[in-house]
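Asks: Starting off with a structure, shown below.
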Amino acid sequence: MTERTRLADLTTTKPDPIKGVVFDMDGLLLDSETLAMDALILAAKDLGHDMPMAFCRRMIGVPADGCRALVRETYGEDFPLERFFALQEEHLRGLVDAGELALKKGVEPLLDLLDKLEIPRAIATSSSRYRTDHHLKLVGLFERFDAIVTRDDVSQGKPYPEPYLTAAEKIGVAPADCLALEDSNSGARAAQAAGIRVIIVPDLLEPVDDVRAKALAVVEDLTVVRAYIEHAAA
């Protein structure tokens, strides 16, 4: 694990006001990326393939079309792409419905703070509408967001800025007045391209150098974000 930004470093100066917060979902709110990777490996095994975890991790934060292109480039045109991703969805749903899905550290206290400060919040995710709604309802978060933007709601997913621009528009806050929370390089690039300051909370992957350089901070978990927003509101 590389060095994280300390809260003391984040609060040395008074930050610009935070009028809206846009969250990624998988790996940021939900501890779901490991489940998704396991489901990919199980789906490949069903089809007689040994898919390495290192390859699966290349799909983290990447929209469906990008994941499909990556698999096709690696496993060839004859690979049963649609069946593979259908099986992955089945395996993931099985893991989730078996109670394997959990919230990441600090999620509920952060949302409680946003409630207290009356700061609107949205989700911008690369997951489908079905998966997003199902997972959020399962963990009791569905009603806690003012807007939810999925891959089905945009023409260009992450790393393009459209998901974040759409989310900011839906909560009525200018991008420059928002804070984005991300765990993936693709998602951080999307928020940065949208002109939104980004705090990265890494999950399975560390941020690459160019993403880290443009980020406001790279922190250990969402409890640090909560303290930063409290400081901004003080």
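The values are calculated or read from the model by the stated rules, or taken from the named source; none is laboratory data. Given the structure is predicted, the values throughout are model-derived calculations rather than measurements. Don't worry about glycine lacking a Cβ; one is built from the backbone with ideal geometry, like all the others, and counts go over all protein chains shown. What goes into the accessible areas is simple: the full protein's heavy atoms, side chains included, and nothing from ligands, DNA or RNA. Shrake-Rupley method; radii C 1.70, N 1.55, O 1.52, S 1.80 Å.
Asks: Report yes if L70 is touching a Lys or Arg at 6+ places or on another chain (Cβ under 8 Å) and without any contact (Cβ under 8 Å) to a residue 60 or more places away in the chain, otherwise no.
Replies: Spelling it out, L70 is indeed touching a Lys or Arg at 6+ places or on another chain (Cβ under 8 Å) and without any contact (Cβ under 8 Å) to a residue 60 or more places away in the chain.
Asks: Let me ask another. Spot the failing condition for T74; the list is (1) β-branched (V, I, T); (2) closer than 30 Å to R226 by Cα; (3) out of contact with any strand residue (DSSP E or B) (no Cβ under 9 Å at 6 or more places or on another chain), and only one is missed.
Replies: Here T74 clears every test but (2).
Asks: Next question, about the same structure. Please name all residue pairs, on different chains or six or more residues apart, with Cβ atoms under 6 Å, provided the first residue is in segment 27-46 and is touching a residue at least 60 places away in the same chain (Cβ under 8 Å) and over 11 Å from K104 (Cβ atoms) and the second residue is open to solvent by 40 Å² or more (accessible area, probe 1.4 Å) and among the charged types (D, E, K, R).
Replies: L35/E100
Asks: Taking segment 189-205 as the region of interest, how many residues are touching a Phe, Trp or Tyr at 6+ places or on another chain (Cβ under 6 Å) and assigned to a helix (DSSP H, G or I)?
Replies: Filtering segment 189-205 for residues touching a Phe, Trp or Tyr at 6+ places or on another chain (Cβ under 6 Å) gives 190-191, 194, 196.
Add one more test, that the residue is assigned to a helix (DSSP H, G or I), and what stays is 190-191.
So the count comes out to 2.
Asks: Counting only residues that are open to solvent by less than 10 Å² (accessible area, probe 1.4 Å) and touching a helix residue (DSSP H, G or I) at 6+ places or on another chain (Cβ under 9 Å), give me the helices (runs of 4 or more DSSP H) lying completely in segment 1-97 with at least 1 of them.
Replies: Of the helices (runs of 4 or more DSSP H) lying wholly inside segment 1-97, those with at least 1 residues that are open to solvent by less than 10 Å² (accessible area, probe 1.4 Å) and touching a helix residue (DSSP H, G or I) at 6+ places or on another chain (Cβ under 9 Å) span 33-46, 53-57, 64-75, 81-95.
Asks: Among the residues of segment 187-199 satisfying the criterion of being among the hydrophobic types (A, V, I, L, M, F, W, C) and more than 10 Å from the chain's Cα centre (by Cα), which is surrounded by the fewest Cβ atoms within 10 Å (Cβ to Cβ)?
Replies: Ranking the candidates gives A193 first.
Asks: Return the pair list, or none, for Cβ contacts closer than 8 Å from residues in segment 200-225 that are surrounded by 21 or more Cβ atoms within 10 Å (Cβ to Cβ) to residues that are part of a helix (DSSP H, G or I) and acidic (D, E), at least 6 apart or on different chains.
Replies: D203/E33
Asks: Moving on. If you go through segment 98-111, how many residues are in contact (Cβ under 8 Å) with a residue 12 or more places away in the chain and open to solvent by 80 Å² or more (accessible area, probe 1.4 Å)?
Replies: Looking only at that region, the number is 2.
Asks: May I ask you to list pairs of residues, at least six apart or on different chains, whose Cβ atoms are under 8 Å apart, with the first in segment 172-190 being free of Cβ contacts under 8 Å to residues at least 60 places away in the same chain and the second being of a type in the set (S, T, Y)?
Replies: P175/Y164
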